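The values are calculated or read from the model by the stated rules, or taken from the named source; none is laboratory data. What you see is a predicted model; the values in this text were computed from it and never measured. All Cβ positions, even for glycine, are placed from backbone atoms using ideal geometry, and neighbour counts span all protein chains on display.
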């Protein structure tokens, strides 16, 4: 073998040069070679000579040769070299070796070397299978992530983590453009720098470099930085490739950055539903020229693009993603703020409509970022799963500490705080809640956890188990934003909630829709009460609506008309001022008539009561006839009289008779019933101009 080694050392350059001339005649190999720059081709030839010599070394063990072949085979698989051409090229190489050194080396040595070349080829083919297995594994993992995705931020973090573990991916990143067309990476991993978008990583490397001046990425065709793969993919809606950063003139601007990060090629995948414009762009980077262009790689990225496109389209439809891209550096900054004194809890009073008093507050997170106070809508979507857990734990500790101070000042207030949907799949949230209750000696029933149902809220065995643990702990549970689009009647019945919060859009009153909105609130309230749950309306913005909600039987309310969220130190002063205002109102002689909304609310209650009576055959129908056409007996008046809906008088009695006659003769869907009802609502509106409008809430509540 020593003679063979010496012969190879003299002729290896000739063997390799002839070898690459032969490869250039093979169509698939030629395509790969054409991707290389002159410098890269020279480097490749040098490595080929080193491998030829290494195979001849007596000191090289079988394991060493296998590991070397697997590394080379992995590269061949990643750049898309066809298996058949790989086998054929090994035959060509053996022929060239025999030609150059066959006369000077024993047949025994040549035979041993040939066996090593064959074994090398077999190990390379095994590496192909390993890459394909990795493709299948990552696609299976991505499929699970797609089905379980609940929020865009959590989704992209999981996708990036899955892809970063894949053999073919040296780095990956995902992001979206802003209104000006400048592209921002929101999560990433890999490269020579640390690229993760999670709070556990300080960032750096490729994502920071691409955000630097001169290296920005645009999706606009008229922008100097808009001709790269990202910009082209955003505009075309198709996968766009950088076959080689060192030779592609369209990406010359990013050539040095890619070289520093060890990235040689890339593919940009626009993510969208079929036939729709892109929502986000996923970038996959390879350490080798020509990555993601072979047949297997093309099939892999196409399937990946389809899976992820469906997921982001669904998240966008169900409001599971933020409206604007949040660069990874900003995400990391906000995650760091969560773990410092920048977290500030503010509190919004929840009014008990039966007593008119505040017995509970909702704790709402704020982040102090220099002179800015960030609202949850700005930063929540940008936080990773561990960041959200930290936010919950720190926010709950702060809220219970503030509650203890209020209690010492004579204000026994319950606290409500949001529980992220992810908590139903993560036992750590339960442990954090239990630990906080013990630390501050807070009775469990004084804490309410508000759970927002999302599309991913499946109430599977695991989620049910964690909810059961919270129930066993004694805390109250509230279903947040009932009617936001995710909750259903079956869930409302099955889930163990003590409170349901009506989404503010349900109670949105505007123009002619006010009566219908009040009907919906009334029916939701009745449904909640029938299931043993208390009902709270949020987003209440007027005193008139507050009065109407009380008439409809809603148990509690929160909104700007009651109070805006405030720091803990301001809450005792607000309570004192509110109690003083309530005492002042109690001393005033009642003189103001109810608002239009309040009267419409009374009409909703009257209408429902009347329809229920009308549905009972026999005696109930006779009673309705007696009330309508004979006399207003006390019982009949109590059951079917309009009461305080309108001032007493002939007009009210005439309207009542018309409504009852229309109902009995034509039913609630008749034109006569609708006409009589419209006359009544018009009369209610008209009386509002003849009476004094209720005074607004005092200024301290706004």
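Here are the numbers for the structure shown:
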read-out: Inter-residue pairs, beta-carbon under 8 Å, first outside the structural domain of residue 228 (by TED's automatic domain parsing) and in segment 260-279, second in a loop (DSSP other than H, G, I, E, B) and buried (at least 17 other Cβ atoms within 10 Å of the Cβ), 6+ apart; value: none
read-out: Among residues of segment 145-160, those that are in contact with a helix residue (DSSP H, G or I) (Cβ under 9 Å, 6 or more places away or on another chain), more than 15 Å from residue 324 (Cα to Cα) and either modelled with pLDDT of 90 or more or assigned to a helix (DSSP H, G or I) (or both), counted; value: 9
read-out: Residue satisfying condition, being part of a helix (DSSP H, G or I) and closer than 18 Å to residue 1 by Cα, within set 133, 64; value: 64
read-out: Unmet requirement for residue 18, which otherwise passes all of (1) over 48 Å from the mean Cα position of the chain (by Cα); (2) part of a helix (DSSP H, G or I); (3) over 22 Å from residue 84 (Cα atoms); value: (3)
read-out: Segment 353-366, residues that are surrounded by fewer than 16 Cβ atoms within 10 Å (Cβ to Cβ) and out of contact with any helix residue (DSSP H, G or I) (no Cβ under 9 Å at 6 or more places or on another chain); value: 355, 359
read-out: Qualifying residue in segment 420-435 (condition: in the same structural domain as residue 536 (by TED's automatic domain parsing), within 16 Å of residue 347 (Cβ to Cβ) and either touching a strand residue (DSSP E or B) at 6+ places or on another chain (Cβ under 8 Å) or in contact (Cβ under 8 Å) with a residue 40 or more places away in the chain (or both)); value: no
read-out: Which numbered condition residue 339 fails, given (1) surrounded by fewer than 18 Cβ atoms within 10 Å (Cβ to Cβ); (2) closer than 24 Å to residue 140 by Cβ; (3) in contact with a helix residue (DSSP H, G or I) (Cβ under 7 Å, 6 or more places away or on another chain); value: (2)
read-out: Scope segment 509-539; condition surrounded by 16 or more Cβ atoms within 10 Å (Cβ to Cβ) and over 22 Å from residue 645 (Cβ atoms); matching residues; value: 527, 528, 533, 534, 535, 536, 538, 539
read-out: Out of 333, 346, 318, sole residue that is modelled with pLDDT of 95 or more and surrounded by fewer than 23 Cβ atoms within 10 Å (Cβ to Cβ); value: 346
read-out: Hey, residue 569 closer than 26 Å to residue 367 by Cβ and surrounded by fewer than 18 Cβ atoms within 10 Å (Cβ to Cβ) or not; value: yes
read-out: Any hit, segment 282-299, residues being surrounded by fewer than 22 Cβ atoms within 10 Å (Cβ to Cβ), closer than 22 Å to residue 232 by Cβ and within 14 Å of the chain's Cα centre (by Cα); value: no
read-out: Tabulated pairs, segment 237-251, first surrounded by 19 or more Cβ atoms within 10 Å (Cβ to Cβ), second part of a helix (DSSP H, G or I), C-beta under 6 angstrom, 6+ apart or interchain; value: 240/229; 240/232; 240/233; 242/229; 242/251; 245/251; 245/255; 245/258
read-out: Some residue of segment 241-257 being touching a helix residue (DSSP H, G or I) at 6+ places or on another chain (Cβ under 6 Å) and either outside the structural domain of residue 155 (by TED's automatic domain parsing) or part of a strand (DSSP E or B) (or both); value: yes
